[in-house]
Amino acid sequence: MALYYHNWAVHFFEKKYLSSLIKKYGNGITVDFGCGEKKKYSSIINNGAYFGFDYLKSQHDISGVDYVASVYDSALKTETVDTVISTQVLEHLNEPGLFLNEAWRVLKKDSVLILSTNFIWHLHEEPYDYYRFTQYSIKYLFKKYGFRINEIIFPFTPLFTFFQELSYYIRLLEFNKTIKIVITPILFVITQLLQLFAIVFNFFKVKNPKYYSHIIVIGQKVNL
């Protein structure tokens with residue numbers, strides 16, 4: 001957790017939300033496109049095998065993934081997968097439609113895509129950071145590429161987003177060596193307090209938020 005002192009709140013609650021949805025909707029042969037280190041969800045797949053895909057230039061440790069391949073052309077056989085997972089990947093794809101088309105191709109009829117991405121969020125994993133998505137762009141893309149949306153979740157409130165992003169910003173501040181030695185423990189405490197504020201204010205949700213950092217979508221494959 002020490003490695004994520006500035007963003008443990010968003011990582012913890014994102015995994016909590018997604019884990020519950022994967023338990024609810026996921027089953028059978030499951031493919032995680034852009035899985036990174038793969039470990040996050042491998043233990044909660046219901047009644048099936050879990051396979052992690054990532055690409056060679058990933059900024060994550062991919063030593064544990066099952067397949068190194070493009071999400072645009074996975075080489076999986078058509079209609080052989082029961083569940084596709086893709087968490088915080090779509091914004092990093094220069095051709096998101098090609099990925100959705102590939103997910104549709106490999107999924108069996110009526111099977112499910114569990115996807116999360118960003119709307120209001122800082123640049124990350126540069127230079128491979130291309131897009132931000134509203135719920136309307138997600139609805140358009142899912143319909144275009146053959147998915148019926150079963151559920152949309154906005155896990156984080158505007159104030160959660162604000163406090164978490166402020167914590168990210170503080171981590172980027174630069175100081176000379178002498179000042180850094182003195183101020184680093186103070187900034188550590190501030191980032192922890194900001195994330196605690198984020199958690200508290202995440203209880204104050206509205207039905208149709210206008211400001212949000214993350215969006216989670218459950219899409220079901222339909223015939224085009």
Check: Can you tell me the Rg and the Dmax, both Å, for the Cα atoms in segment 61-130?
Finding: 13.0, 36
Note to self: Report the Cα-based extents of segment 1-124 along its three principal axes, largest first, to the nearest Å.
What the structure shows: 41, 31, 29
Margin query: Contact order normalised by length for segment 38-88, with contacts defined as Cα pairs under 8 Å and 6 or more residues apart; what percent is it?
Written below: 29
Checklist line | In sequence order, calculated HN-Hα J values of segment 184-194 (Karplus, 6.51, -1.76, 1.60; Hz; x Gly/Pro) | finding: 4, x, 5, 5, 4, 4, 4, 5, 5, 5, 4
Margin query: I'd like the Kirkwood hydrodynamic radius of segment 159-201, using the inverse of the mean 1/r over distinct C-alpha pairs, in Å.
Written below: 10.7
Check: Under a 5 Å amide H to amide H cut-off, with H placed in plane at 1.01 Å, what residues pair with Gln88 once short-range neighbours are removed?
Finding: Ser116, Thr117
Checklist line | Residues with amide H under 5 Å from that of Ser111, placed H, sequence gap 5 or more | finding: Lys221
Next item on the list: Whole Å is fine, so just give me how far the alpha carbon centre of segment 127-179 lies from that of segment 20-99.
Entry: 20
Check: Could you give the semi-axes, largest first, of the ellipsoid that matches segment 93-193, computed as the square roots of 5 times the alpha carbon gyration tensor eigenvalues and rounded to whole Å?
Finding: 38, 15, 11
Next item on the list: Take Ile179, project a point 7 Å from its Cα along the Cβ direction, then tell me which residues of segment 112-137 have their backbone nitrogen under 11 Å from it.
Entry: none
Margin query: What lysines does Lys15 reach when the alpha-carbon gap must be under 22 Å and sequence neighbours fewer than 8 apart in one chain are set aside?
Written below: Lys23, Lys24, Lys38, Lys39, Lys40, Lys205, Lys207
Next item on the list: Rounding to the nearest 20 debye, state how big the charge dipole of the chain is about its Cα centre with +1 on each Lys and Arg Cβ and -1 on each Asp and Glu Cβ.
Entry: 680
Notebook entry, point to check: What percent do you get for the relative contact order of segment 159-201 when only Cα pairs under 8 Å and 6+ apart count?
Noted result: 71
Margin query: Suppose only helical runs count, i.e. DSSP H with n ≥ 4. What mean residue ellipticity at 222 nm does that imply for the chain under -39500 (n - 2.57) per run, divided by all residues and rounded to the nearest 500 deg cm²/dmol?
Written below: -11500 deg cm²/dmol
Checklist line | Linear extension gain, Ala69 paired with Glu95, 0.36 nm per residue minus alpha-carbon span | finding: 7.8 nm
Margin query: Just to be sure I understand the model, the point goes 7 Å from the Cα along the line to the Cβ. What's the resulting Lys15 to Arg171 distance in nm?
Written below: 1.4
Note to self: Taking 0.36 nm per residue of sequence separation and subtracting the Cα-Cα distance, how much length would be gained by fully extending the chain between Val189 and Lys205, in nm to one decimal?
What the structure shows: 3.1 nm
Note to self: Give me a comma-separated list of calculated 3J(HN,Hα) values for segment 64-79, in order, Karplus coefficients 6.51, -1.76, 1.60 applied at θ = phi - 60°, integers in Hz, x for any Gly or Pro.
What the structure shows: x, 6, 7, 9, 9, 7, 6, 6, 7, 8, 7, 6, 6, 6, 5, 6
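Bear in mind these aren't lab numbers, they're just calculated from the coordinates by the rules spelled out. Source: prediction; values computed, not measured. Glycine also receives a Cβ, built like all others from the backbone with ideal geometry; neighbour counts cover every protein chain displayed.
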